[in-house]
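The values are calculated or read from the model by the stated rules, or taken from the named source; none is laboratory data. This one's a predicted model, so the numbers in the text were calculated from it and none came from an experiment. Note: ideal-geometry Cβ built from the backbone for every residue, glycine included; neighbour counts use all protein chains shown. Heads up: the accessible areas ignore ligands, DNA and RNA and are worked out on the full protein's heavy atoms, side chains in. Shrake-Rupley method; radii C 1.70, N 1.55, O 1.52, S 1.80 Å.
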Amino acid sequence: MKYIGLISDTHGVFSDEFREFFSPVDEIWHAGDFGGGLELAAQIAAFKPLVGVAGNCDNYDLRFTHPLHRFFECEGMKVLMTHIGGYPGRYDVRARKLIDELRPDIFICGHSHILKVMRDTRRDMMVINPGAAGIQGFHVVRTALRFRMDQGRIFDMEVFELDR
């Protein structure tokens, strides 16, 4: 079993409240727009093991360490993570191509700054966007998620909210 913390759109900010929320997790997944370049990614990685993708606001140095998308397996589930993704019926063209090619069980994206967890019944996958954890953008509430994965299941999902 793995306990995952999921965050996106930090835009240079990884505050103590998020550290506390993520303190029990095994690893942190970051769905792009770290901001702060490699320095912020290194801070998060020093706190917990980090799996991340670069976002549209991330610099090229960060993209050498964190690619534009990742496809991996975790606890019997295929995971596709990219920054700009969209939602069922409204996927970004590049994301839809990857989804149709790779057929993940879980599709993770960021970019919209809007927390959403929904099922794409047509593609039989869970779509997860943790919203935005940083202070840059239009969102009013900063958000993150944590959940457990085991033997092809995702469960015990919790939402963290913090006023901007």
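Of note:
- The stretch 1-74: proportion of alpha-carbon pairs further apart than 13 angstrom, %: 62
- Heavy-atom accessible area ranking, 1.4 Å probe, most first, across ILE114, ILE128: ILE114, ILE128
- For HIS30, solvent-accessible area (1.4 Å; no DNA, RNA or ligand), Å²: 0
- Cβ charges +1 (Lys, Arg) and -1 (Asp, Glu), total dipole of the stretch 103-164, debye: 180
- Qualifying chymotrypsin sites (Phe, Trp or Tyr not before Pro) for the stretch 70-164 [loop in DSSP, other Cβ within 10 Å: at most 16]: PHE138
- The mean sequence distance of close C-alpha pairs (under 8 Å, at least 6 residues apart), as a share of the length of the chain, puts its relative contact order at 24 percent.
- Rounded to the nearest Hz, the phi-derived 3J(HN,Hα) couplings of the stretch 3-15 under the Karplus curve 6.51 cos²θ - 1.76 cosθ + 1.60 (θ = phi - 60°) are 10, 10, x, 10, 9, 7, 6, 6, 6, x, 10, 10, 7, where x marks glycine and proline.
- D by Stokes-Einstein for the chain, Kirkwood Rh over Cα pairs, 25 °C, 0.890 mPa s: 159 µm²/s.
- By a 1.4 Å probe calculation restricted to protein chains, LEU38 has an accessible surface near 80 Å², given to the nearest 10.
- What the stretch 4-56 shows is 32 Å² of accessible area per residue, with the surface traced by a 1.4 Å probe over protein heavy atoms.
- The stretch between ARG96 and MET1, if pulled fully straight at 0.36 nm per residue, gains 31.3 nm over its current Cα-Cα span.
- Charges were assigned to the Cβ only: +1 to each Lys and Arg, -1 to each Asp and Glu. The resulting dipole of the chain about its Cα centre is roughly 580 debye.
- Sulfur and carbon atoms: percent of accessible area, the stretch 32-157 [1.4 Å]: 52
- Listed residues HIS11, VAL93, GLY55: farthest to the positive end of the dipole of the chain (Cβ charges): VAL93
- Only DSSP H runs of four or more residues enter the estimate; each adds -39500 (n - 2.57), and after division by the residues of the chain the mean residue ellipticity at 222 nm equals -5500 deg cm²/dmol.
- The chain: most fluctuating residue of GLY85, GLY37, GLY152 per GNM, C-alpha cutoff 10 Å: GLY152
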